[in-house]
Amino acid sequence: MEMKQETKNEMDLLLRRLGRRDESTVSNAADEHLDADELSAYAENALPAAARARYTAHLAECSHCRQILVQLSSSAGVVSATESVKASGPSVWSRFLAGLFTPMVLRYAAPALGLIVVAVIGFVVLRRDQSPEYVTQVSNNEQRPTALPAAEPTASVVDSPSKAAAKQEDLAEQQKRNLQAETAPAPNAPPSVSSIETEVSKDAAAQPKPQQQPATANEAPPAKAAPEERPRAAEPEVSKKEVKEVPAATRAAPQTALQAEQREDSRTHGFVRDKAADDVSAPAAGAGSKLKRDELNVSANSRTVAGRRFTKKGGVWIDSAYDSSKDSTTLARGSEQYRALVGDEPEIKTIADALDGEIIVVWKGRTYRIR
Amino acid sequence: METTKPNIERVLNEGVARLLGRASDSRALNREALTPRISAAVEKYLLRNDPNTSAGEIAKFIDELQADDLCLIIACERGDENAWNDLVERFTATVRSAARSASTNEDAAEDLAQSIWAELYGLRTRKDGMPASKLAYYSGRGSLAGWLRAVVAQLAVDVFRKQSRLVQTEEDTDLERLARAAEGQPIVAGIPTPEESMSNRFAQTDLQNALQQAVQELPAEDRLLVKLYYFDNLRLREAGVVLGVHEATASRRLTRIQTDLRKRVTKILIDERGWTQAETERSFAEVAQHLDTDLESLLSKEAADLPG
């Protein structure tokens, strides 16, 4: 693959040189120029195949006609024959969509859609609770209200109504109050999700989970964690949308290394652990005033984008699926090849936008080195 | 099935009747007014390429013509004042916009637009006394707006070419520097002997000539893409629009062409110039090496040129 890339560069250079050299000499070599009718019909892809082929041969040799054709093509915004094959797609697609909304289909689809919506909301609620769980436990111990809303769904997941101590009930009541205060100003939360959360929190308040109390009791209260966690807990969607940072490592930052280890053992279920991220976060322990920067360091060394895991090594973001024994294709950001690639695979653009500098990404079995 | 002359006439007559039927405003034109124009278009775009074009293809061709635009233009040509007013009213903005994009300033654009209307109206007269109008060349195959833009662009290019001559102002870059390097400086390592320098120069010339030959041997569609991208300096997206393909398709096609060209160049050098496989590989490698050097120097120069 490396060899192929070189080949491309060599030919690229040679062809550019050839283009400059021949630009002035070839321009009027053609016998008879295309007339306005032929040019406009060509630009609009309105010619029979044989005629088009004849004019293509002329255009390949005649810079005069190409110049006009380029002007026409760019101003007309034409759609090609090839693309018009695709363009026939929308009509088929729209017919398909129209078919979906016929009364017969809707009769069955509406209840099914309702079930799907409920399932999706449930999924969102379950996902929301996972990463902030740890924060919640820490915060509860300190009686800090900031991260509490995130704990509510967790409580509902591990719903065990048996042992509800008075202290837990007090805590649940406080959580409920805090949730009501917190959910209202969250701009990103969809109303439906918020209302469901509120419902869930009521359940949780009535039936606090037994698992939660022992966890918080063992917790060494972090001095400065909660203020930093607040925005994260308040904006769970933002953190999840594109770049999923490694929560365990981030939360461990203000703790001592030992405490961080203990937490790893006891509470990393549901999290994605990242050793590299821990390595970075551990030295940051105790540096409370620089927590934000430390978080950035952590996220800057291990990130998950578009479902792919990247670790920064030697200034390069490397995909966890990267196999150094395989060939890679090198692309420069902004190059034609890069734009063509991200045109085909927009997720790669998401990755390239989220990660700065050089990236090695494995996509559909091929390795791309983006600079 | 061979399409005989009577057959063609029948297909034409039926096609013209259908065209008049589907035009929302046929401008009171009859079959006799339209048939010569449509017959000329069939000859130009179909029969010239394939005299045995089937009746079905001819009928399809006629059915795809822009019926209203064609009727409007033929009515204008025949002196229908209402049709002319409609034409001016509908397409003044199109002509002006095309003239602006083809001109360097507003005055030149206005002059160009006026020239176009004069050409269309036909201020000159033919031998038979009829106005010599460009309208006679519209076939109805493409849109009328597109045809008008093409007329403007052609006239603008003609005017521009009369006023100035193209001057090559390209900088010495890439291979020119490589050529200089080949003449007096080491290419890979060590200082070359004069014989090596001379042979390198010949090698580069051979390589360039072989590439030129290989490009000429490409299929027309591929050659057009190469010309648009490398000779006319279009972006891939723009070249794709001209060819009627998506940018990604153009990119893939260009990559394939580069690979094809390398194979063809290698074959030409070995078969016709007596090179060995190793020599061709080395020559390409030298080009690649100097590409890197050139890019580095270019980037450092750009960095130095940046303000602040």
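Note on the stretch B:74-163: with charges restricted to the Cβ of Lys and Arg (+1) and Asp and Glu (-1), its dipole about the Cα centre is near 420 debye. Net charge of the neighbourhood of B:Arg27, taken over other residues with C-beta under 10 Å away and scored Lys/Arg +1, Asp/Glu -1, is -3. Our estimate of slack between B:Gln213 and B:Trp117, defined as 0.36 nm per intervening residue step minus the Cα-Cα distance, is 30.1 nm. Packing, as the average of other Cβ atoms within 10 Å across residues, places the peptides B:148-160, B:266-278 in the order B:148-160, B:266-278, highest first.
Would you mind ranking B:Val42, B:Val265 so that the residue whose beta carbon has the fewest other beta carbons within 10 Å leads the list? Listing B:Val42, B:Val265 from fewest to most nearby Cβ atoms yields B:Val42, B:Val265. For the pair B:Asp50 and A:Ile121, label points projected 7 Å from Cα toward Cβ lie 6.1 nm apart.
Shielding by partners for peptide A:45-53, expressed as the average number of C-beta atoms from other protein chains within 10 Å of each residue's C-beta, is 6.
Net charge within 13 Å of B:Gly15 by Cβ-Cβ distance, Lys/Arg positive one each and Asp/Glu negative one each, not counting B:Gly15 itself?
+1
Amide H contacts of A:Leu331: A:Arg369, A:Ile370, A:Arg371, each under 5 Å away and 5 or more positions distant or on a separate chain (H built 1.01 Å from N in the peptide plane; Pro and chain starts excluded). Across peptide B:254-264, the mean count of Cβ atoms from other chains lying within 10 Å of each residue's own Cβ comes to 4. Each Lys and Arg adds +1 at its Cβ and each Asp and Glu adds -1 at its Cβ; summed about the Cα centre, the stretch B:3-141 shows a dipole of about 500 debye.
Could you work out, residue by residue across B:13-23, how many beta carbons of other chains sit within 10 Å of that residue's beta carbon, and then give the average as an integer?
0
Just list whichever of B:Lys134/B:Lys162; A:Lys349/B:Lys227; A:Lys312/A:Lys349; A:Lys326/B:Lys263 have alpha carbons separated by over 26 Å in the model shown. Pairs exceeding 26 Å: A:Lys349/B:Lys227.
Bear in mind that the values in this text are calculations on the coordinates, not laboratory data. Note that the structure is a prediction, hence the values are computed from the model and not measured. Glycine also receives a Cβ, built like all others from the backbone with ideal geometry; neighbour counts cover every protein chain displayed.
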